[in-house]
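Inspection log for the structure reproduced underneath, given as structure tokens.
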Amino acid sequence: MNFWPNHPLLRPPVIFGFVVLAALAFLVIFADLIYPGDPWRMVARPNLPPFSPGFPAGTDMLGRDLTAGLVHGSRATLAVAVSVVAFAVSLGVTLGLLAGYFGEIADELIIRITEFFQTIPGFLLTIMIVAILSPTRWTVVFAIALISWPPIVRIVRAEVLSIRRLDWVRAARVSGLSHLRIAILHVLPNVLPQVVVQASLLIAGAVMIESGISFLGLGSRDSVSWGFLLASGRTSFSVNWWLSTLPGLAIFLTVLAFNLVGDGLERWLDPKHAGRHQP
């Protein structure tokens, strides 16, 4: 017996993902209202355990409120992840559209460049770039985005290659529409559903990479992030387990939520069920 609802977006795992993302969006938007002021300031006795009065997540070794750090850290971590995806999607869609629709020399050149970036160990390249340049937020965004766009190119290119052979695309050419207009106004809208799915998965990956960079001490010094909180508590894990466990749990739930939502979107936008490839 099938206990899951028929609609892919109404399955309990996907709903759970949306709930987590909605709660995360609330924290990001209202972080300054929930915990105003500097999250780095010392506000209580050090090493208070979770559920202490006024401090749901306890305090760290310096008496800083861990809950405030987690709330403000959500904004810093997701700001990097969203910026990475915006850059990667913009570049990936443009190159994929050029390679798939115009083909020949453009296709060969773009695919060779894409393969080159895919052969380089992504996380290692990111660490090298951030270590060589100054560890600012935009440096981290640039380094992660540099390894995030190749999958978008391949997905968009594959979709465009299949779409451009359809009858309605040929009819648009015969009617006298320019190649640029056909590519942007007719082909691109049919590719966007797959891009949306891939973008949700890229955000999850960007959160993981940004947290890893911050964990190694190479993240931005301008704001607190989950990776920094995770790293700051690792030296006293045997005594103050919550200092690393709670930031790690926040990272885990965020990545899981984006993956669950991405899976639901992929099932919903499957051309076998959604009837895509229409002009």
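What residue, of Ala171, Ala145, Ala131, is touching a residue at least 24 places away in the same chain (Cβ under 8 Å) and surrounded by fewer than 18 Cβ atoms within 10 Å (Cβ to Cβ)? Before the answer, list the steps.
On the way: Ala171 fails: touching a residue at least 24 places away in the same chain (Cβ under 8 Å); Ala145 fails: surrounded by fewer than 18 Cβ atoms within 10 Å (Cβ to Cβ).
None of the others qualify; the one that does is Ala131.
What's the total number of residues in the range 72-97 that are in contact with a Lys or Arg (Cβ under 9 Å, 6 or more places away or on another chain), surrounded by fewer than 23 Cβ atoms within 10 Å (Cβ to Cβ) and either β-branched (Val, Ile, Thr) or free of Cβ contacts under 8 Å to residues at least 40 places away in the same chain (or both)?
Going through the range 72-97 one residue at a time, the tally reaches 0.
Restricted to the range 240-275, and to residues that are outside any helix (DSSP H, G or I), out of contact with any helix residue (DSSP H, G or I) (no Cβ under 6 Å at 6 or more places or on another chain) and modelled with pLDDT under 80, which residue is surrounded by the most Cβ atoms within 10 Å (Cβ to Cβ)?
Asp270
Kindly list, by first and then second residue, each pair from a residue in the range 8-32 that is in a helix (DSSP H, G or I) to a residue that is basic (Lys, Arg) and surrounded by 13 or more Cβ atoms within 10 Å (Cβ to Cβ), limited to pairs with Cβ atoms under 6 Å and residues at least 6 apart or on different chains.
Pro8/Arg267; Val28/Arg75; Ala31/Arg75
If I ask for residues that are surrounded by fewer than 13 Cβ atoms within 10 Å (Cβ to Cβ) and not β-branched (Val, Ile, Thr), which ones from the range 106-128 would you list?
Glu108, Arg112, Glu115, Phe116, Pro121, Leu124
Here are Ala99, Ala106, Ala145: which of them is of a type outside the set (Ser, Thr, Tyr) and within 15 Å of Val85 (Cα to Cα)?
Answer to the selection: Ala145.
Could you grab the pairs with beta carbons closer than 6 Å, sequence gap of 6+ or different chains, first residue in the range 251-266 and among the aromatic types (Phe, Trp, Tyr), second one outside any helix (DSSP H, G or I) and crowded, with 19+ Cβ neighbours inside 10 Å?
Note: no pairs meet the criteria.
Quick check on the range 83-102. Is at least one of its residues on the phi < 0 side of the Ramachandran plot and over 26 Å from the mean Cα position of the chain (by Cα)?
yes
Limited to the range 15-29, what total is found for residues that are surrounded by 15 or more Cβ atoms within 10 Å (Cβ to Cβ) and closer than 16 Å to Trp226 by Cβ?
Qualifying residue count for the region: 5.
Does the range 15-38 hold any residues that are under 15 Å from the mean Cα position of the chain (by Cα) and of a type outside the set (A, V, I, L, M, F, W, C), and which are they?
Gly17
Among the residues in the range 30-40, are any modelled with pLDDT of 90 or more and of a type in the set (Val, Ile, Thr)?
Within the range 30-40, none of the residues are modelled with pLDDT of 90 or more and of a type in the set (Val, Ile, Thr).
If you check Gly100 against the conditions, is it of a type outside the set (Val, Ile, Thr), crowded, with 16+ Cβ neighbours inside 10 Å and farther than 19 Å from Glu210 by Cβ?
Working: of a type outside the set (Val, Ile, Thr): yes; crowded, with 16+ Cβ neighbours inside 10 Å: yes; farther than 19 Å from Glu210 by Cβ: yes.
Answer is yes for this residue.
So for the range 39-56 (the condition being assigned to a helix (DSSP H, G or I) and over 20 Å from the mean Cα position of the chain (by Cα)), does at least one residue qualify?
No, every residue in the range 39-56 fails to be assigned to a helix (DSSP H, G or I) and over 20 Å from the mean Cα position of the chain (by Cα).
Take Val153 and tell me if it is over 30 Å from Gly248 (Cα atoms), crowded, with 23+ Cβ neighbours inside 10 Å and aliphatic (A, V, I, L, M).
For Val153, the condition - over 30 Å from Gly248 (Cα atoms), crowded, with 23+ Cβ neighbours inside 10 Å and aliphatic (A, V, I, L, M) - is met.
Do the conditions hold for Gly122, that is, is it modelled with pLDDT of 85 or more, at negative phi and out of contact with any strand residue (DSSP E or B) (no Cβ under 9 Å at 6 or more places or on another chain)? Give the steps one after another, and end with the answer.
On the way: modelled with pLDDT of 85 or more: no; at negative phi: yes; out of contact with any strand residue (DSSP E or B) (no Cβ under 9 Å at 6 or more places or on another chain): yes.
Taking the combined requirement at face value, the residue does not satisfy it.
Please indicate, with yes or no, whether at least one residue in the range 212-221 is of a type in the set (Phe, Trp, Tyr), surrounded by 22 or more Cβ atoms within 10 Å (Cβ to Cβ) and either out of contact with any helix residue (DSSP H, G or I) (no Cβ under 9 Å at 6 or more places or on another chain) or assigned to a helix (DSSP H, G or I) (or both). First the steps, then the outcome.
Going residue by residue through the range 212-221, those that are of a type in the set (Phe, Trp, Tyr) are 215.
Filter again for surrounded by 22 or more Cβ atoms within 10 Å (Cβ to Cβ), leaving 215.
Among the residues that remain, those that are also either out of contact with any helix residue (DSSP H, G or I) (no Cβ under 9 Å at 6 or more places or on another chain) or assigned to a helix (DSSP H, G or I) (or both) are: 215.
Yes.
Would you mind stating whether Gln198 is surrounded by fewer than 14 Cβ atoms within 10 Å (Cβ to Cβ), closer than 20 Å to Val89 by Cβ and either at pLDDT below 85 or of a type outside the set (Gly, Ala, Ser) (or both)?
Values: surrounded by fewer than 14 Cβ atoms within 10 Å (Cβ to Cβ): no; closer than 20 Å to Val89 by Cβ: yes; either at pLDDT below 85 or of a type outside the set (Gly, Ala, Ser) (or both): yes.
Considered against the rule, which asks whether it is surrounded by fewer than 14 Cβ atoms within 10 Å (Cβ to Cβ), closer than 20 Å to Val89 by Cβ and either at pLDDT below 85 or of a type outside the set (Gly, Ala, Ser) (or both), Gln198 comes out as no.
The values are calculated or read from the model by the stated rules, or taken from the named source; none is laboratory data. Small disclaimer: the values here were computed from a predicted structure and weren't measured. With ideal geometry, Cβ positions are generated from the backbone for all residues, glycine too; neighbour counts draw on all protein chains shown.
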